Amino acid sequence: MPSPQDDFHRALARALELQRLASEAWNQVHRILETRQQDVAPSAASSAPSLTPRETQVITLMGTGMPNRSIARHLHISERTVKSHLHSIFNKLGVTTRGEAAAQLNGNSPPRWLCPRCSAAHRRTIDRSC
């Protein structure tokens with residue numbers, strides 16, 4: 001029968017192995033994201049030249065399907081800061097959803113909403129001046 005000390009050493013060895021595997025997996029994820037960011041960033045910058053470098057990073061990671069919390073962890077910022085950047089990006093691009101922003105990031109024109117009063121393509125709220 002194994003002693004408690006043997007059990008502890010086996011558990012510790014397994015935990016260290018899992019930590020090593022997790023570290024390797026995260027390194028691979030970061031390499032993939034950096035490659036994706038380098039591939040997508042030029043098109044994002046050309047389609048929206050008014051985006052700041054940080055906004056370009058946020059929209060690039062968003063375009064890979066990352067949720068806000070993961071973007072925040074990857075960029076070492078708070079989730080609230082990510083939401084603030086996304087709000088600014090959406091305003092600059094004239095979109096209201098992540099899907100529309102991703103479509104612009106990929107060079108596709110998202111379908112625009114037309115105001116029922118003036119038939120102008122602006123945000124989904126009816127502008128009181130139209």
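Annotations for the structure displayed:
- In this label model, Gln5 and Lys83 are separated by 5.3 nm, measuring between points 7 Å along each Cα→Cβ vector.
- Cα pair distances exceeding 19 angstrom across the range 4-105, given as percent: 50
- Modelled this way, with points 7 Å down the Cα-to-C-beta line, the labels at His30 and Glu17 are 2.5 nm from one another.
- Put in order of Cβ neighbour count within 10 Å, fewest first, the listed residues Glu17, Glu55 become Glu17, Glu55.
- For Thr96, no residue whose modelled amide H falls within less than 5 Å of its own remains once neighbours fewer than 5 places apart on the same chain are excluded.
- Each label was represented as a point 7 Å from its Cα along the Cα-to-Cβ direction; for Thr52 and Thr64 these points are 2.1 nm apart.
Where a number appears in this text, it was derived from the coordinates with a stated rule and is not lab data. The structure presented is a predicted model; accordingly, all values stated were derived computationally and were not measured. Please note: Cβ atoms are built from the backbone with ideal geometry, for glycine as well, and neighbour counts cover all protein chains shown.
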